[in-house]
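K.L.:
Attaching a single structure in structure tokens format; questions to follow.
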Amino acid sequence: MATTTTGSALPRIEGRIQVLRGLKVMIDADLAELYGVPTKALNQAVKRNAARFPSDFMFQLDAAEKAEVVTNCDHLSKLKFSRTLPFAFTEFGAVALANVLASAQGCRDGDLRGARFRAAAASSELA
């Protein structure tokens, strides 16, 4: 579980930001872990609330992007054998996701996670 103090959670988030299609994003599995819900439940919430997630909030990776992410991120190696393509969420998508999740942690920490995402993205040298 993620803690609610900015200092201790920032490194966890910063290390999980990827640059795909020129955007700083987080993969659905990483966000599910941070929000304390299964990835499947996270993706179901997105599908139920599709109108809240325009293309500038999230996108689905293609096979080549998935392979790149799995190769570059050891903690995402479990995706290698998944038949589904993961989703990537921008800063705005991560905040919107927190607002649609039914988990208490997601609702409570949505604004805080958005602020952390912005801080981590701004401080990282990914772009």
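K.L.:
Name the residues in the stretch 63-89 that are over 18 Å from K24 (Cβ atoms) and among the acidic types (D, E), would you?
P.N.:
Once the filter is applied, which keeps residues that are over 18 Å from K24 (Cβ atoms) and among the acidic types (D, E), the stretch 63-89 yields only D74.
K.L.:
OK, next. Can you report the number of residues in the stretch 34-82 which are over 26 Å from N99 (Cα atoms), among the small types (G, A, S) and surrounded by 12 or more Cβ atoms within 10 Å (Cβ to Cβ)?
P.N.:
Going through the stretch 34-82 one residue at a time, the tally reaches 2.
K.L.:
Let me ask something else about it. Criterion first (at pLDDT 75 or above, within 20 Å of L23 (Cβ to Cβ) and surrounded by fewer than 15 Cβ atoms within 10 Å (Cβ to Cβ)) does A98 satisfy it? Steps first, please.
P.N.:
Details: at pLDDT 75 or above: yes; within 20 Å of L23 (Cβ to Cβ): yes; surrounded by fewer than 15 Cβ atoms within 10 Å (Cβ to Cβ): no.
Considered against the rule, which asks whether it is at pLDDT 75 or above, within 20 Å of L23 (Cβ to Cβ) and surrounded by fewer than 15 Cβ atoms within 10 Å (Cβ to Cβ), A98 comes out as no.
The values are calculated or read from the model by the stated rules, or taken from the named source; none is laboratory data. Just so it is clear, the structure is predicted and the values come from calculations on it, not from any experiment. All Cβ positions, glycine included, derive from the backbone under ideal geometry; neighbour counts span all protein chains shown.
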